[in-house]
Amino acid sequence: MTTPLYDTPLPIRAEIGNTQAAAVRHWSAPGTWWTAVERVAIVEEVRRARDADELPPWTAPSSVPGLIGNHHPLPAVAVDVIWRVTNHVTTLTREWYEALVPAALSAGHYVELLSLVAQVNMVDRFADGLGLGRIEVGPAAPGEPARTTPDDAAVTTHWVPTAPSAAAGWRPTDQAGDTGLEPQPDVPNVLKALSLVPPERNIQMALIGSHYVPGGALSDDIGKDVWSLQRTQMELIGAITSAVNECFY
Amino acid sequence: MLKGAGNGDGGVEHGELLVRLCAAMVGRDQQVLAEVRDEVRSAMGAEVLVDAVGVSALFHLMNRVTNGTGTPLDPMLAQLGPPAAAQFGADRYRSSNDTSVERAEAPGENCLG
């Protein structure tokens, strides 16, 4: 038996409910680089940042006396990243990234942190947008971070290291070696972005499939309706949201 | 809040209303959000409201991933990018400085973000 995520008569599709539930379970589980306790703290810090009085982007919350507790489970640099990505997504630059990685955070820690922050922003904006209570994050699950990196990950196209990906579901190319299949075409760069930390990319793909276009068919069905939306309405929503967030991609 | 948005529906059914919904989701004014939400539900139905909020929410995830990882434009987007970006001011975004064009050979992949 599953517990409904939201107490509402609104017709929230099962695909949305199921993938958001999976994401929330994932938040409180041990990650690839962050512990479960740290991941729960990341979720809580995203919510604190979103609901706080806004700071200018050049003010790190860790530099504001009294804003961050002395016994916070996260390092100050992680808290600063969370606030910046949550409240000032228009200001993320290569220079900013290179000041963080690898001096203050490993690339793996950064990618996992960014992914979690993005997921929590998404799920919470869904709840806020519909006037519903946000989903509570569960207690930290036992276990240790996996601390693994795809063998073929490297800095190639993005700031962050990425692993080669294929269109028919992600897999590193070296795992397709003896299948006898033709090499798969590469995937859009946005779908490679989190490939350094595969579990994060898997959640990203699941959320895309349930909230946007299922099955990864991103632009070859422009004339069709998707869920209850016309495809043009869907693309307008995506374009406007991206414009607000000043996302050039 | 929105930059370069025009007037009207832009050829999209209920386009103007959907733009206002996206803008309200970014803002912090709960009253405005509640009013737009009611308007969408009344004009387009509860299922559309849920799906529209879901798409916008998903793009809040995607935009953070792309802006935070330096995701380069795919070849297909690179072909469309410059004129479209100039048209609505995206060439002035900070992220445009850091969004390189990938010189990959394989064209035609689909993109979002």
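Net charge dipole, segment A:14-218: roughly 260 debye, given to the nearest 20, about the Cα centre with Cβ charges of +1 for Lys and Arg and -1 for Asp and Glu. Could you tell me which of rounded, prolate or oblate describes chain A, using a ≥ b ≥ c as the square roots of the eigenvalues of the alpha-carbon gyration tensor, with rounded for a/c under 1.5 and, failing that, prolate when a/b is larger than b/c and oblate otherwise? Rounded is the answer for chain A, as its axis ratio a/c remains below 1.5. Both chains summed, the buried accessible area for A and B stands near 6400 Å², from protein heavy atoms and a 1.4 Å probe. Counting, for every residue in A:122-134, the Cβ atoms of other protein chains within 10 Å of its Cβ and taking the mean gives 6.
Here the accessible area is traced with a 1.4 Å probe on the protein chains. For chain A, carbon and sulfur cover 55 percent of it.
Average accessible surface for segment A:14-218: 41 Å² per residue, computed with a 1.4 Å probe over protein heavy atoms with every protein chain in place.
With r as the distance between the Cβ atoms of residue B:16 and residue A:106 and R0 = 51 Å, compute the FRET efficiency 1/(1 + (r/R0)^6) and round to 0.05. Once rounded, the FRET efficiency stands at 0.65.
With unit charges on the beta carbons (Lys and Arg positive, Asp and Glu negative) and the dipole taken about the Cα centre of segment A:57-165, which residue among A:69, A:131, A:93 sits farthest to the positive side? It is A:131, whose Cα lies furthest towards the positive end.
Note on exposure: A:26, B:14 ranked by accessible area (1.4 Å probe, complete protein assembly) read B:14, A:26, with the most exposed listed first. Extending 7 Å from Cα along the Cβ direction at residue A:62 and again at residue B:42 yields two label points whose distance is 4.9 nm.
The values are calculated or read from the model by the stated rules, or taken from the named source; none is laboratory data. Just so it is clear, the model here is predicted, and its values are computed rather than measured. Note that each Cβ is placed from the backbone with ideal geometry, even for glycine, and that neighbours are counted across all protein chains shown. Heads up: the accessible areas ignore ligands, DNA and RNA and are worked out on the full protein's heavy atoms, side chains in. Shrake-Rupley method; radii C 1.70, N 1.55, O 1.52, S 1.80 Å.
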